[in-house]
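> Before we start, here is the structure in question, set down as structure tokens.
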Amino acid sequence: MNRLVNEFVKEKVASTNQKYLQNVLTQEVPERLANQLEQMNWSYLDMIHHKENQRGTFSPLGAMELAEVEANHDRFYAVGLEAIRQCKVGAILLAGGQGTRLGFDKAKGMYNVGITRELYIFEQLIANLKKVTDAAGVPVPLYIMTSDKNDADTRAFFEAHDYFGYDSDFVKFFVQEMVPAVDFEGNVLVESEDSLAMSPNGNGGWFSSLMRAGLDADLKEKGVEWLNVFAVDNVLQQIADPVFVGAVIESGRVSGAKCVQKADPHEKVGAICLEDGKPSIVEYYELTDEMAEAKNPNGSLQYGFGVILNYLFRLDKLFAISDRQMPLHIVEKKVPYLDENGNSVKPETPNAYKFETLILDMVYLMDDCLPIEVERSKEFAPIKNATGVDSVESARALLQQNGIIL
Ligand code: UTP
């Protein structure tokens, strides 16, 4: 069905001189496109002119280091495992990203990292989680965030593989929101006759999407008190790790972040820090060379603990901060679109801005966090690229090093 867009949209299209949307001023357009235009946040267009987020003053923050974790291992493990047994810990798999760097056209979790056998990323993550649920004797509720682009595929994949042996009653999917991409001049891009060029709104919106999907009721019904949120792309990801859970619970803090020692001062990972005195994460591009290379008296880097996108958040605090505004990140990406003549364009270089909120900004909002060091070679094998650093190749080598047959 076609219809005219509302007057508000017409006014916005006219006043911002939208190159690809002139038709909506006079013609009826498909319902889907009209809805997208009416739901979009037009104030984002103003933000492309001041892209830098205002940050506070950074200072270094240490982490609970391996020696301390090891010395308290058994106690932390017992506390964590007991919380898991009581169903106090849920897990959130962030799988809504587009994985553009990997260049795989399906959901990243469907990627086969096996060599002589099939081993999908999702499969490996479930195997990692099962180590814990087998020890606890109960399943951990698992909530998987997808996006419009990969939701149907992801659900079908889990079904087809019988949830890789996990109890499917404890797996729920929810879809994150999408936002339109705009070109560098602020023109909203159109992907097809009936849709804007929509992309997932970043991994920072996971909690609001979870609530929008009504899954907060499920969490409450199950008695979940903590959420372990993790990325799809780290195949050595330890999920609902009892030691991590136990350490954070014992610390009395409302959140925890797993981190590793940076491979080098300029490694492209966010680092644990204090921001205006509160635990936070500074992005690698926000560190000056001087800060990145600054050392403690013992020779370690002052901003040397990189986060690996594995966080633990206390649920009551997540609810308490759920109405707080998260900083908007504007990133340059390659976004295919239809030009004014309706020809489809597949750009070779970044041509558009995407608007995202990021989970790492939640650490600051939580007000308090226990950063805890984990062994890099045992827990960090991210698959971001096809080759080179953080790639399929490097992750395969690390999996094999950890005894996993590929
Ligand atoms: P990345 O920052 O690596 O983004 O995501 P990406 O989209 O997967 O990959 P590139 O940058 O296009 O190559 C880190 C984690 O956050 C999830 C990803 O699925 C991954 O687990 N994520 C990212 C979402 O769930 N939603 C998003 O909108 C973005």
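> Residues of the range 359-406 being in a loop (DSSP other than H, G, I, E, B), touching a Gly at 6+ places or on another chain (Cβ under 6 Å) and more than 14 Å from the ligand (Cβ to nearest atom), which ones?
Leu406
> May I pose another question? In the range 131-210, which strands (runs of 3 or more DSSP E) lie fully inside it and hold 2 or more residues that are within 14 Å of the ligand (Cβ to nearest atom)?
Because the criterion is at least 2 residues that are within 14 Å of the ligand (Cβ to nearest atom), the strands (runs of 3 or more DSSP E) in the range 131-210 that meet it are 142-146, 171-175, 178-180, 198-200.
> So how many residues does the range 114-125 have that are crowded, with 17+ Cβ neighbours inside 10 Å, among the aliphatic types (A, V, I, L, M) and away from the ligand (no atom under 15 Å from the Cβ)?
1
> Among the candidates Lys278, Lys295, single out the residue that is in contact (Cβ under 8 Å) with a residue 40 or more places away in the chain and not aliphatic (A, V, I, L, M).
Answer to the check: Lys278.
> Check Lys334, Lys346 and return the single one that is under 24 Å from Val269 (Cβ atoms) and basic (Lys, Arg).
Result of the check over Lys334, Lys346: Lys334.
> Here is a follow-up. Under the condition of being within 12 Å of the ligand (Cβ to nearest atom) and of a type in the set (S, T, N, Q), which residue from the range 228-244 is nearest to Gly90 (Cα to Cα)?
Selected residue: Gln237.
> Please name all residue pairs, on different chains or six or more residues apart, with Cβ atoms under 6 Å, provided the first residue is in the range 89-109 and is in contact (Cβ under 8 Å) with a residue 12 or more places away in the chain and the second residue is acidic (Asp, Glu) and not in a loop (DSSP other than H, G, I, E, B).
Final answer for the pair search is Lys106/Asp153; Ala107/Asp153.
> Further question on the same structure: Can you find, within the range 320-346, the residue that is nearest to Asn203 (Cα to Cα) among those that are assigned to a loop (DSSP other than H, G, I, E, B) and touching a strand residue (DSSP E or B) at 6+ places or on another chain (Cβ under 8 Å)?
Leu328
> Kindly list, by first and then second residue, each pair from a residue in the range 213-227 that is hydroxyl-bearing (Ser, Thr, Tyr) to a residue that is surrounded by 15 or more Cβ atoms within 10 Å (Cβ to Cβ) and modelled with pLDDT of 95 or more, limited to pairs with Cβ atoms under 6 Å and residues at least 6 apart or on different chains.
Hits for this filter: zero, empty list.
> Identify the residue in the range 165-224 that is of a type in the set (Asp, Glu) and open to solvent by less than 30 Å² (accessible area, probe 1.4 Å) and, among all such residues, is nearest to Arg324 (Cα to Cα).
Asp218
> Exactly one condition in (1) more than 30 Å from Thr133 (Cα to Cα); (2) touching a Gly at 6+ places or on another chain (Cβ under 6 Å); (3) at pLDDT 95 or above is not met by Met326; state its number.
Status for Met326: all satisfied but (3).
> Give the range 132-163 a look and list any residue that's open to solvent by 30 Å² or more (accessible area, probe 1.4 Å), free of Cβ contacts under 8 Å to residues at least 60 places away in the same chain and over 20 Å from the mean Cα position of the chain (by Cα), or say none.
Residues satisfying the conditions are Asp134, Gly137, Val138, Pro139, Ala156, Glu159, Ala160, His161, Asp162.
> Among the numbered criteria (1) open to solvent by less than 30 Å² (accessible area, probe 1.4 Å); (2) among the hydroxyl-bearing types (Ser, Thr, Tyr); (3) in a loop (DSSP other than H, G, I, E, B), which one does Ser280 miss?
Of (1) open to solvent by less than 30 Å² (accessible area, probe 1.4 Å); (2) among the hydroxyl-bearing types (Ser, Thr, Tyr); (3) in a loop (DSSP other than H, G, I, E, B), only one is false for Ser280: (3).
> Would a scan of the range 341-359 turn up a residue that is touching a Pro at 6+ places or on another chain (Cβ under 9 Å), open to solvent by 70 Å² or more (accessible area, probe 1.4 Å) and either at pLDDT 95 or above or under 30 Å from Met198 (Cα atoms) (or both)?
Yes, because at least one residue in the range 341-359 is touching a Pro at 6+ places or on another chain (Cβ under 9 Å), open to solvent by 70 Å² or more (accessible area, probe 1.4 Å) and either at pLDDT 95 or above or under 30 Å from Met198 (Cα atoms) (or both).
The values are calculated or read from the model by the stated rules, or taken from the named source; none is laboratory data. Values in this document were obtained by computation on a predicted structure and should not be read as measured data. Positions of Cβ are generated from backbone atoms using ideal geometry, with glycine treated the same way; all protein chains shown enter the neighbour counts. Ligands, DNA and RNA are excluded from the accessible area calculation, which covers all protein heavy atoms including side chains. Shrake-Rupley method; radii C 1.70, N 1.55, O 1.52, S 1.80 Å.
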